[in-house]
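See structure below.
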Amino acid sequence: MIRLALLRHGHTAWNRAGRIQGRTDIPLDAAAEAELSALTLPAPWRHAALQSSPLQRARRTAELVADRSPVTDIALTEMNWGAWEGLEGVVLRADPASGYRDIETWGWDYRPPGGESPADLRDRLVPWAQGLTEDTVAVCHIGIMRVLLAHATGWDFSGPAPFRIKRNRLFVVRIAQDRWQLDPTPLRLEARRS
């Protein structure tokens with residue numbers, strides 16, 4: 001059995017503005033840099049393998065909380081939002097012609113115009129996770145985490161998710177052959193000792 005601990009990157013200016021942030025390579029903002037500099041991985045995870053998305057917001061988060069550089073993997077790159085990249089979700093939601101829907105009504109095959117569906121992400125993420133050979137911390141994006149946690153819990157992007165992704169927490173998935181299980185309680189990052 002392999003344990004995979006998923007951590008969402010820190011805030012960016014686009015996150016705070018409510019802009020859809022997929023593959024655009026936006027850096028962490030100053031507040032996130034300061035917050036993450038004061039945190040570290042929980043003791044049991046400090047020496048685990050460390051991977052991240054190649055996007056700088058994830059890579060930098062990994063460096064700050066682990067005090068080392070991660071191995072980057074393109075499989076962990078955020079969902080491609082296509083034509084909606086950089087737009088505000090509230091603006092899209094207010095326009096019935098946009099086709100924008102809340103995540104609870106997506107299903108696996110929902111796709112932004114010119115973008116990726118959750119099923120597309122699953123097709124690249126499950127083989128990546130199944131290929132892990134040791135316990136691993138993966139610093140990535142909310143879209144990546146949603147798909148991996150959906151796969152672990154059986155959620156099909158219909159109705160409320162059985163998990164709530166928060167920052168500065170590790171969401172641990174136990175992977176054994178084709179059986180995945182999400183630990184019920186995420187682990188908080190710890191305050192760094194001065």
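Brief remarks follow.
- Which numbered condition Glu88 fails, given (1) in contact with a Lys or Arg (Cβ under 6 Å, 6 or more places away or on another chain); (2) without any contact (Cβ under 8 Å) to a residue 24 or more places away in the chain: (2)
- Selection count where residues are in contact with a strand residue (DSSP E or B) (Cβ under 6 Å, 6 or more places away or on another chain) and open to solvent by less than 20 Å² (accessible area, probe 1.4 Å), scope the stretch 29-48: 4
- Hits in the stretch 105-126 - residues which are touching a helix residue (DSSP H, G or I) at 6+ places or on another chain (Cβ under 9 Å), surrounded by 15 or more Cβ atoms within 10 Å (Cβ to Cβ) and outside any helix (DSSP H, G or I): Trp106, Trp108, Tyr110, Arg111, Pro112, Gly115, Glu116
- Enumeration of residues in the stretch 4-28 that are open to solvent by less than 20 Å² (accessible area, probe 1.4 Å) and within 30 Å of Ala176 (Cβ to Cβ): Leu4, Ala5, Leu6, Leu7, His9
- Count of the stretch 165-194 residues which are loosely packed, with under 10 Cβ neighbours inside 10 Å and either part of a loop (DSSP other than H, G, I, E, B) or touching a His at 6+ places or on another chain (Cβ under 6 Å) (or both): 6
- Any chance Ala58 is outside any strand (DSSP E or B), of a type in the set (A, V, I, L, M) and touching a helix residue (DSSP H, G or I) at 6+ places or on another chain (Cβ under 9 Å): yes
- Count - residues of the stretch 91-104 that are at pLDDT below 95 and of a type in the set (Val, Ile, Thr): 1
- Total residues in the stretch 127-157, condition assigned to a loop (DSSP other than H, G, I, E, B) and either open to solvent by 10 Å² or more (accessible area, probe 1.4 Å) or hydrophobic (A, V, I, L, M, F, W, C) (or both): 9
- Count of the stretch 65-99 residues which are assigned to a helix (DSSP H, G or I) and surrounded by fewer than 22 Cβ atoms within 10 Å (Cβ to Cβ): 15
The values are calculated or read from the model by the stated rules, or taken from the named source; none is laboratory data. Nothing here was measured: the structure is a model prediction, and the numbers come from that model. Here the Cβ is made from the backbone with ideal geometry for all residues, glycine too, and neighbour counts use every protein chain on show. Ligands, DNA and RNA are excluded from the accessible area calculation, which covers all protein heavy atoms including side chains. Shrake-Rupley method; radii C 1.70, N 1.55, O 1.52, S 1.80 Å.
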